[in-house]
Every structure is written in C-alpha cells, then in structure tokens.
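The values are calculated or read from the model by the stated rules, or taken from the named source; none is laboratory data. Note that the coordinates shown come from a computational prediction; the quantities given were computed from them, not determined experimentally. All Cβ positions, even for glycine, are placed from backbone atoms using ideal geometry, and neighbour counts span all protein chains on display. Accessible surface areas use protein heavy atoms only, side chains included; no ligands, DNA or RNA. Shrake-Rupley method; radii C 1.70, N 1.55, O 1.52, S 1.80 Å.
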Amino acid sequence: MRSRLDTRGTLRVGDRTLGPGPVLVGILNVTPDSFSDGGDHFDLEAAVRHAARMLDEGAQVIDVGGESTRPGSDPVPAEEEVRRVVPVIRKIVSDYPDAIISIDTYRTSTAKAALEAGARIVNDVTALRKDPEMTNLVADAGCPVILMHMQGEPKTMQQNPSYEEVVREVRDFLAERADRAISAGVKPENIVLDPGIGFGKTLEHNLKLLKYLDAIVDLGFPVLVGTSRKGMFGKIPGAGSPENPKERLFGTVAANVMAYERGVTFFRVHDVRENREALAVAEAVRGA
Ligand code: HH2
C-alpha cells in the first residue's frame, strides 16, 4: 500500500523520528479500574512520577489514558476523561519537554483537549469509527494516529468473538480504515496500525495474529502491538498467572520479541525496562 521502503516502520513526530529500532510506548493509565494497574497512578503526582520512571527506563512515548477499555468495562463521561488526563499531560510536558505523549481515547473532545495540552499522537482503539469528528481533528492537527482493530465494544467484546479467518479480516479492516483516513485528509505517513490484541479475540485469534503479524506489517505502515500483561498469557499453560496481570511479564516480553522479528516497531508496555532490554538484544542480533 505504501511504498516508502526507506522509512519502513518509522514515524515522524515533529522533528523526531521514531524507529526503525524498537520504540517503547509506556502505558500511563490514569484510571481507578484498568485491568492490571487500575488505581496505581490515579492522582497527578503518582501519574507524573510513573511517567518519569518510564522515560528514564527508555520509553520514547507515554500513552496516557483516562478510561479503561478492558473486557466488560463501562465508558466514563467525556468530562471525567478530560479531567483525568489533561492535568497529567500538562505536567509531563512541562517537566519533560522531550517526552512524546499519545492520548488513548476515541473521543474527539478528549483528543482535542489532550493535543492542546501537549499530546502529539492520538491512539484510537476504534480506528476512527466511534466518533465521526475524530478523523477531521487528526487530519487538521496533522498528527500521527494509531488505528486499532476491535471486534464489538469493550463491554461485550469477549463474549463470543468469531472470525472466519482472523488474520485476513483484521488486515483487511486495518487497510480499509487507513484508506478511509487518507481519503479524509490524514497523511499516510501519520498512520500506525495495531491488530488490537485481546480486543474481541480468543486466545487462538491472538496467537494467529501474533504468528502472522507480517501480514499487517506488509501493508506498509508502522505497526504497534499491545500485548502487555494481557489475559492471553494467563491462558497459555505455564506462560503467566491467570489471576494476576502483574505476573505476565515474561510472556509479554517473549511476544514482543517475536513481534519485533515480524517487523513491528512500536511496543505498548507497562514494564518498560524489561521489554526494552529484551528488544535491545533482538535489535543487536538483527544488526549483526
Ligand atoms: N490495549 C489497551 C488499551 N489501549 N491501545 C492500543 N493501540 N493497543 C492496545 O493493545 C491497547 C490500547 C488495554 O490495556 P491497558 O491500557 O493496560 O488496560 P485498560 O484498558 O484496562 O486501561
């Protein structure tokens, strides 16, 4: 789709180029109820402290979210989402001017407030489907946007996910969303694709998507994966704790290294240092 082989896997944010080496996107959930770290960084001080730590550990992007999209979650009111994320973004940008912030939201009002506060990337788990104005906002702002695949809605998406051929369907969906965004004025070089691990998918679906990630990479856009601490690791025998998301680190690291091997550049993670170290080895081996 995009024939820019010289810049494959990379993303320009202002005067910075992210990639082609692995880019760690540190997760900052300013929520009381996220599935693995809900409540850990809910007040401003704790959130900024955690962002600082992730930056110190090698995160190049901090993904700030004010609403959990875990399976079964309910939406929070838009004003509440803005109230949670904007002060945190302002403070990180003021304390760490080099930090690149992405805003994890599907609402135009939240994305707009976040961009005004200093965020530079929009991470939309609905791939610009939920809020029709979001495409115009991203096109006008000229900022990068992450388009993620999800089947259904967070509240019910894990009840009975079904596909005829998951890899083809997710790839076709992402290709179509990217095409639409481009037709509406989003620059192709501002698009990042994400298969949406755990969003309306069984373990088998997640494994197939991870195995054949190159099918999505081949669309020609940089690709992000968000495997971090997800439920799939609790379902693979011996891979991680079914009960405690914080005990799914090694599975996460393994999945991310395999994703890197298949051409993924962006890794959305809770545990920055551990993933960065593993990916540094993978990068060194690739470069040998
Ligand atoms: N996963 C989560 C949230 N946002 N965005 C992208 N692009 N890709 C993902 O895989 C992704 C995402 C869910 O993880 P988390 O933020 O840790 O949990 P919660 O939604 O409960 O806040």
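Structure summary
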{"quantity": "Test: Glu67 is part of a loop (DSSP other than H, G, I, E, B), charged (D, E, K, R) and more than 24 Å from Glu283 (Cα to Cα)", "calculated": "yes"}
{"quantity": "Residue in region 134-183 that is surrounded by the fewest Cβ atoms within 10 Å (Cβ to Cβ), counting only those that are at pLDDT 95 or above and of a type in the set (S, T, N, Q)", "calculated": "Ser183"}
{"quantity": "Pair list, Cβ under 7 Å, 6 or more apart: region 32-60 residue in contact (Cβ under 8 Å) with a residue 24 or more places away in the chain, other residue of a type in the set (Asp, Glu) and exposed (fewer than 14 other Cβ atoms within 10 Å of the Cβ)", "calculated": "Val48/Asp95"}
{"quantity": "Qualifying residue in region 91-98 (condition: closer than 23 Å to Ile27 by Cα and within 14 Å of the ligand (Cβ to nearest atom))", "calculated": "no"}
{"quantity": "Residue among Leu115, Leu128, Leu137, Leu147 that is among the hydrophobic types (A, V, I, L, M, F, W, C) and on the phi > 0 side of the Ramachandran plot", "calculated": "Leu128"}
{"quantity": "Selected residue (criterion: surrounded by the fewest Cβ atoms within 10 Å (Cβ to Cβ)) from residues of region 66-103 that are among the hydroxyl-bearing types (Ser, Thr, Tyr) and more than 15 Å from Glu116 (Cβ to Cβ)", "calculated": "Tyr96"}
{"quantity": "Set Ala114, Ala52: member being under 21 Å from Val138 (Cβ atoms), small (Gly, Ala, Ser), at pLDDT 95 or above and in contact with a helix residue (DSSP H, G or I) (Cβ under 9 Å, 6 or more places away or on another chain)", "calculated": "Ala114"}
{"quantity": "Region 3-42: number of residues that are surrounded by fewer than 13 Cβ atoms within 10 Å (Cβ to Cβ) and either among the charged types (D, E, K, R) or outside any loop (DSSP other than H, G, I, E, B) (or both)", "calculated": "6"}
{"quantity": "Among the residues listed as Gln151, Gln159, the single one being more than 12 Å from the ligand (Cβ to nearest atom), assigned to a loop (DSSP other than H, G, I, E, B) and in contact (Cβ under 8 Å) with a residue 40 or more places away in the chain", "calculated": "Gln151"}
{"quantity": "Every residue from region 136-157 that is of a type in the set (S, T, N, Q) and more than 19 Å from the chain's Cα centre (by Cα)", "calculated": "Asn136, Thr156"}
{"quantity": "Asp131 open to solvent by 10 Å² or more (accessible area, probe 1.4 Å), in a loop (DSSP other than H, G, I, E, B) and either closer than 23 Å to Asp33 by Cβ or β-branched (Val, Ile, Thr) (or both)", "calculated": "yes"}
{"quantity": "Pair list, Cβ < 7 Å and 6+ apart or interchain, from region 258-286 residues that are open to solvent by 80 Å² or more (accessible area, probe 1.4 Å) to residues that are assigned to a helix (DSSP H, G or I)", "calculated": "Met258/Leu210; Glu261/Ala282"}
{"quantity": "Hits in region 223-253 (condition: outside any helix (DSSP H, G or I) and either of a type in the set (Phe, Trp, Tyr) or open to solvent by less than 10 Å² (accessible area, probe 1.4 Å) (or both))", "calculated": "Val223, Leu224, Val225, Gly226, Thr227, Ser228"}
{"quantity": "Residue list for region 180-222, restricted to those being under 14 Å from Val145 (Cα atoms), more than 16 Å from the ligand (Cβ to nearest atom), touching a residue at least 12 places away in the same chain (Cβ under 8 Å) and part of a helix (DSSP H, G or I)", "calculated": "Arg180, Pro188, Glu189"}
